[in-house]
1. I need every pair where a residue in the range 117-129 that is assigned to a helix (DSSP H, G or I) has its Cβ under 6 Å from the Cβ of a residue that is at pLDDT 85 or above, sequence separation at least 6 or different chains.
2. Restricting attention to the range 1-51, which residues are of a type in the set (Phe, Trp, Tyr), free of Cβ contacts under 8 Å to residues at least 40 places away in the same chain and farther than 19 Å from Val105 by Cβ?
3. Hey, among Pro135, Pro144, which residue is in contact with a Lys or Arg (Cβ under 7 Å, 6 or more places away or on another chain) and either within 16 Å of Leu46 (Cα to Cα) or surrounded by 14 or more Cβ atoms within 10 Å (Cβ to Cβ) (or both)?
4. Please work out if Ala99 is over 15 Å from the mean Cα position of the chain (by Cα) and modelled with pLDDT of 95 or more.
5. Are any of the residues in the range 93-106 without any contact (Cβ under 8 Å) to a residue 12 or more places away in the chain, assigned to a helix (DSSP H, G or I), of a type in the set (S, T, N, Q) and within 16 Å of Ala57 (Cβ to Cβ)?
6. Answer yes or no as to whether Val85 is closer than 15 Å to Pro135 by Cα and either in contact with a Ser or Thr (Cβ under 6 Å, 6 or more places away or on another chain) or modelled with pLDDT of 95 or more (or both).
7. Take the conditions of a type in the set (A, V, I, L, M) and either more than 16 Å from Leu109 (Cβ to Cβ) or in a loop (DSSP other than H, G, I, E, B) (or both) and apply them to Leu137. Does it pass?
Amino acid sequence: MRSQNCFRIVIPTLIVALMLHMWPLPDWLDYARPEWAVLVLMYWALAMPEQIGVTVAFVVGLLLDVTQGAILGQHAVGLVLVVFVINMQYQRIRVFSLAQQALVVLLLLIIKSVLVLWVSGIVGQAPDIDLYFLPALTGAIIWPWLFILLRDLRRRFTVSRSF
């Protein structure tokens, strides 16, 4: 029953994050669009590492690939790595302040971006690298507010954190 209650809130938040990722923005703002699905997945992996693992990360990554028209598996590999690191270090990351967590988020988003950039380079797609890491910075900036919002949502719907 606990895992059903868990996914009743995790899945809708991930769907909203995917919708925010596809929401049309002006060109000048689109370069700074945070990676909403990645951030939400990072929160849930940090809050419930036993339920949110690399399988969920792989599925969300494939959904990101499909919605963005990217190479199938490109984002999935990056998300699997990010969630794996979070699952291995969640006890340490949880005790960090929100500012320290934002730095960890920045580092993980940069690693994911480098991995996606590397896969793009392997297949011969050269992305515009000028502002490529700006979404990682905006993701780290909004992390404290997103963390608080999702934590309050988790508490309101009494989704148990598992240790």
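The values are calculated or read from the model by the stated rules, or taken from the named source; none is laboratory data. Owing to the predicted nature of the structure, the values given are computational and were not obtained by experimental measurement. As a convention, Cβ positions derive from the backbone with ideal geometry for all residues, glycine included, and neighbour counts pool all protein chains shown.
1. As it stands, the answer is Val119/Gln74, since those pairs meet every condition given.
2. Trp23, Trp28
3. Pro135
4. yes
5. No, that holds for no residue.
6. No: the conditions fail for Val85.
7. Judged against the criteria, Leu137 is not a match.
For (1) in contact with a Gly (Cβ under 8 Å, 6 or more places away or on another chain); (2) on the phi < 0 side of the Ramachandran plot; (3) without any contact (Cβ under 8 Å) to a residue 40 or more places away in the chain, each residue gets a yes or a no:
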{"residue": "Gly69", "(1), (2), (3)": "no, no, yes"}
{"residue": "Ile86", "(1), (2), (3)": "no, yes, no"}
{"residue": "Gln89", "(1), (2), (3)": "no, yes, yes"}
{"residue": "Leu109", "(1), (2), (3)": "yes, yes, no"}
